[in-house]
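Below is one structure; the comments refer to it alone.
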Amino acid sequence: MDRMPFIGGNWKMNLSRGHACSLARAVAEGLRTAPGSPRTAEVAIFPAFVHLDAVGAILRDQSDAGVLLGAQDCYYEPDGAFTGEVSLAMLRDLGVGAVLTGHSERRHVLLEPDSLINAKTRAALMDGFTCVLCVGETLAQREDGATDAINEHQLRAGLEGVSHAHADRLVIAYEPVWAIGTGKTASAADAQRAHAAIRAVLGTLFGETVAGATRVIYGGSVKPSNADELARQPDIDGFLVGGASLDAGDFTEIVGAIAH
Ligand code: PGA
């Protein structure tokens, strides 16, 4: 099954407003002029909330580059007394089309439970956003041989109550926690094995057709030097890129590795 690759640049809590704007311009420019354009991939960047407005204006100006504006988080209630939170309607107002849920830093640093990740995922999908649900095991869990069990648990919990009618906007990011920001990457063979197991779980949840059409992307120290081999794996449909997405040249190269 042909799946349109999805590549996300997760800028995390980095960049001043000025730097975020110049990076957004450079990414749009790099993609527009990359060999092989027009691209055959969906590309999104995920700046910090406070830069969404400014970056969104740049992406609208450079709409021929086709870069989707993404948010790193969202809240699931439509409005009300939730100090510090940002609703999906507010994000839509800024032109956001994609959100991340369940990122490992939100699970392990901010201690978000599965129930909260599930509520955000359901709300984002129901509201028509592309939702990138992130799953992945810690090093201790990997050493215990629990990779597939952890991924399955996080998928089942994160997707509870998601209707298969909304699953076409779902992207799963497999991000082994030990590989995020550490310079260590899962081997292409290990990543492929985990992706195939994730797709099998999606099959039991939504049926084979949806599972075959859902993008399962890899994240964790993706860089130009390892993107090619990962991209050749049949169940790796794109990347969620952290550190390397802060360099427009590296990010564009990574997009080029999977967008043919
Ligand atoms: P990294 O981050 O590429 O810096 O490892 C990936 C992510 O957290 O999405």
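The listed residues are Val210, Val222, Val201, and the only one of them that is modelled with pLDDT of 95 or more and in contact with a strand residue (DSSP E or B) (Cβ under 6 Å, 6 or more places away or on another chain) turns out to be Val222.
Residue by residue through region 123-177, note down the ones that are surrounded by fewer than 20 Cβ atoms within 10 Å (Cβ to Cβ), of a type in the set (Asp, Glu) and within 20 Å of Arg106 (Cα to Cα). Listed by number, the residues that qualify are Glu152, Glu160.
When region 7-23 is filtered for residues that are among the hydrophobic types (A, V, I, L, M, F, W, C), touching a residue at least 40 places away in the same chain (Cβ under 8 Å) and not in a strand (DSSP E or B), the ones remaining, listed by number, are Trp11, Leu15, Leu23. Listed by first and then second residue, the pairs with beta-carbon distance under 7 Å, at least 6 apart or on different chains, first residue in region 195-215 and closer than 20 Å to Gln233 by Cβ, second crowded, with 16+ Cβ neighbours inside 10 Å and acidic (Asp, Glu), are His195/Asp235; Ala196/Asp235; Ala197/Asp148; Arg199/Asp235; Val201/Glu152; Arg215/Asp237.
Could you pull out the residue among Ile236, Ile180 that is aliphatic (A, V, I, L, M), within 16 Å of the ligand (Cβ to nearest atom) and free of Cβ contacts under 8 Å to residues at least 60 places away in the same chain? The conditions single out Ile236. Met4 meets all of the listed conditions (1) in contact (Cβ under 8 Å) with a residue 60 or more places away in the chain; (2) of a type outside the set (Val, Ile, Thr); (3) surrounded by 15 or more Cβ atoms within 10 Å (Cβ to Cβ) but one, namely (3).
Annotation: of all residues in region 229-252 being farther than 19 Å from Lys184 by Cα and part of a helix (DSSP H, G or I), the one that is farthest from the chain's Cα centre (by Cα) is Gly249. Among the residues examined, Gly56 does not qualify as at positive phi, away from the ligand (no atom under 16 Å from the Cβ) and surrounded by 15 or more Cβ atoms within 10 Å (Cβ to Cβ). Of all residues in region 128-176, those being in contact with a Leu (Cβ under 7 Å, 6 or more places away or on another chain) and at pLDDT below 95 number 1.
The values are calculated or read from the model by the stated rules, or taken from the named source; none is laboratory data. None of these values were measured; they are calculated from a predicted model. Every residue, glycine as well, gets a Cβ built from its backbone with ideal geometry; the counts of neighbours run over all protein chains shown.
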